[in-house]
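Peer 1: Structure provided below as structure tokens; questions to follow.
The values are calculated or read from the model by the stated rules, or taken from the named source; none is laboratory data. Only a predicted model underlies this, so the values are computations on that prediction, with no experimental measurement involved. Here Cβ is always computed from backbone atoms with ideal geometry, including for glycine, and neighbour counts include all displayed protein chains.
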Amino acid sequence: MIIPKGTSLTPEQLEEVVRIVEEFGCRIQPIIGATRSVYAIVGDERSETMQARIEGLPYIDRIDTLQSPYKLMDVRSDLANHVIRIGGVEVRKELLVIARPCTVDPKNPSLFIESAHAIKEAGANVLRGGVWKPRTNPYSFQGDDKSLEILLEASRQTGLPVNTEVMDEEQLRLALDAGVPMIQIGTRNALNYSLLRQVGAAIHGRDTVVLLKRGRHMGPIDEFICAAEYIVHFGNPNVMLCPRGTTPGLEGYRNHPDESITPLLKERTWAPVIVDPSHAVGKSTYVEACSLAAIVYGADGLCIEAHIDPSRGIGDDPKQAVTPRTLDRIIRRARQLWALRDSPDSERG
Ligand code: PEP
Ligand code: MN
């Protein structure tokens, strides 16, 4: 829908607009109002070049488009009933809990393996482990290829599928070749379109699931969904969206917790929403409240940092990892809230 700055377009202006849209296979249907007129674009209105050319005209205020820019991720797309299965869970039908220490410590494999067993005991469905770490400080521990073997050993011992973050094509290849079933794209690469395309191409024809974190700079909701579209349009629709807090942070928290965007995401896309409360609040004592809030907002799952002894962990663990005991309580309460949320008594509308 084209909205002019004035009350209507002059015949010359209308002619110019018609000429532009016809180049893109569309036509214009004027809607003449009592005080203002608007102009509907009939046809596929998604061409960004067409939109930019019209919005660039000095007498045009803006264009409001009805068609979504993400045709596969759209809640009305044919993929809306797509079911992602991982860790024995049918995502969106049952709560999915992904948990793990932030970083696999290659010098201390038993800490990771013991944490993995305790995390399974607590009721998590997927085990995460940071093999390669995106660190702000170039002198901080950056991860280690050797940690991949520790992660896989933890998976063999616990029977839990694993997830790890990749930041480039080489790490992606190593993870996929090793049989890692869930790939994480972290907040720093959430808008790295070449990497998103490489991930989409690499997982095509496999069952691999991608956990896509939200870019940390508070981008619009559609930017987040479009990033997922980059992956899905290669053919594998197993993508889950993970709000994890944005910057600038809320004073006292590491980031600005954004579990509240869940209903907005759910209105626009069918993709499961898995909230990461740990990076959102950044402190273990706040993780439970943020997790439970996420469930109330309608999240399909949680991605929580947990460690058997947080003070001995590396990366974010000493600050934000919860103990297996807290994880167990969070999972039990989250399931109770889930049941309450989805009970026939709960009124929607
Ligand atoms: C992580 O999960 O440890 C991590 C680095 O996540 P994010 O990309 O959300 O910062
Ligand atoms: Mn972390």
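Peer 1: Can you tell which of G33, G25 is over 30 Å from V126 (Cα atoms), in contact (Cβ under 8 Å) with a residue 12 or more places away in the chain and surrounded by fewer than 18 Cβ atoms within 10 Å (Cβ to Cβ)?
Peer 2: Result: G25 is the single residue among G33, G25 that is over 30 Å from V126 (Cα atoms), in contact (Cβ under 8 Å) with a residue 12 or more places away in the chain and surrounded by fewer than 18 Cβ atoms within 10 Å (Cβ to Cβ).
This table checks each residue for (1) touching a residue at least 12 places away in the same chain (Cβ under 8 Å); (2) away from ligand 2 (no atom under 16 Å from the Cβ); (3) among the aliphatic types (A, V, I, L, M).
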site	(1), (2), (3)
R76	no, yes, no
L79	yes, yes, yes
V91	yes, yes, yes
D105	yes, no, no
L111	yes, no, yes
Q142	no, no, no
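Peer 1: Something else about it: Tally the residues that are crowded, with 21+ Cβ neighbours inside 10 Å and within 14 Å of the chain's Cα centre (by Cα), restricting the search to region 259-293.
Peer 2: 13
Peer 1: Given the options L151, L160, name the one that is under 24 Å from the mean Cα position of the chain (by Cα), assigned to a loop (DSSP other than H, G, I, E, B) and not polar (S, T, N, Q).
Peer 2: When all the criteria are applied, what remains is L160.
Conditions tested, residue by residue: (1) of a type in the set (G, A, S); (2) assigned by TED's automatic domain parsing to the domain that holds P237; (3) touching a Phe, Trp or Tyr at 6+ places or on another chain (Cβ under 6 Å); (4) closer than 30 Å to G200 by Cα.
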{"position": "P11", "(1), (2), (3), (4)": "no, no, no, no"}
{"position": "G25", "(1), (2), (3), (4)": "yes, no, no, yes"}
{"position": "I41", "(1), (2), (3), (4)": "no, no, no, no"}
{"position": "Q51", "(1), (2), (3), (4)": "no, no, no, yes"}
{"position": "L57", "(1), (2), (3), (4)": "no, no, no, no"}
{"position": "K71", "(1), (2), (3), (4)": "no, no, no, yes"}
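Peer 1: Could you please find all residues in region 294-326 being more than 15 Å from ligand 2 (Cβ to nearest atom), surrounded by 21 or more Cβ atoms within 10 Å (Cβ to Cβ), assigned to a helix (DSSP H, G or I) and in contact (Cβ under 8 Å) with a residue 60 or more places away in the chain?
Peer 2: The answer is I295, P324.
Peer 1: Is there any pair with a first residue in region 240-267 that is assigned to a strand (DSSP E or B) and a second that is among the hydroxyl-bearing types (S, T, Y) and surrounded by fewer than 19 Cβ atoms within 10 Å (Cβ to Cβ) whose Cβ atoms are under 8 Å apart and which are 6 or more apart or on different chains, and what are they?
Peer 2: Qualifying pairs under 8 Å: H256/T247.
Peer 1: When you go through K93, K146, K71, K133 one by one, which is the residue that is over 30 Å from E267 (Cα atoms) and away from ligand 1 (no atom under 16 Å from the Cβ)?
Peer 2: Testing whether each residue is over 30 Å from E267 (Cα atoms) and away from ligand 1 (no atom under 16 Å from the Cβ) leaves just K146.
Peer 1: Among F141, F112, which is outside any strand (DSSP E or B), touching a Leu at 6+ places or on another chain (Cβ under 8 Å) and of a type in the set (F, W, Y)?
Peer 2: Values: F141 fails: touching a Leu at 6+ places or on another chain (Cβ under 8 Å).
Testing whether each residue is outside any strand (DSSP E or B), touching a Leu at 6+ places or on another chain (Cβ under 8 Å) and of a type in the set (F, W, Y) leaves just F112.
Peer 1: What residue, among those in region 123-135 that are buried (at least 18 other Cβ atoms within 10 Å of the Cβ) and closer than 17 Å to D276 by Cβ, is farthest from ligand 2 (Cβ to nearest atom)?
Peer 2: Filtering first and then ranking leaves N125.
Peer 1: Given the condition touching a strand residue (DSSP E or B) at 6+ places or on another chain (Cβ under 8 Å), in a helix (DSSP H, G or I) and within 16 Å of ligand 1 (Cβ to nearest atom), answer yes or no: does some residue in region 328-349 qualify?
Peer 2: No, region 328-349 has no match at all.
Peer 1: Out of the residues in region 257-292 that are out of contact with any helix residue (DSSP H, G or I) (no Cβ under 8 Å at 6 or more places or on another chain) and within 12 Å of ligand 1 (Cβ to nearest atom), which is farthest from N81 (Cα to Cα)?
Peer 2: The selected residue is D276.
Peer 1: Criterion first (touching a strand residue (DSSP E or B) at 6+ places or on another chain (Cβ under 7 Å) and assigned to a loop (DSSP other than H, G, I, E, B)) does V180 satisfy it?
Peer 2: yes
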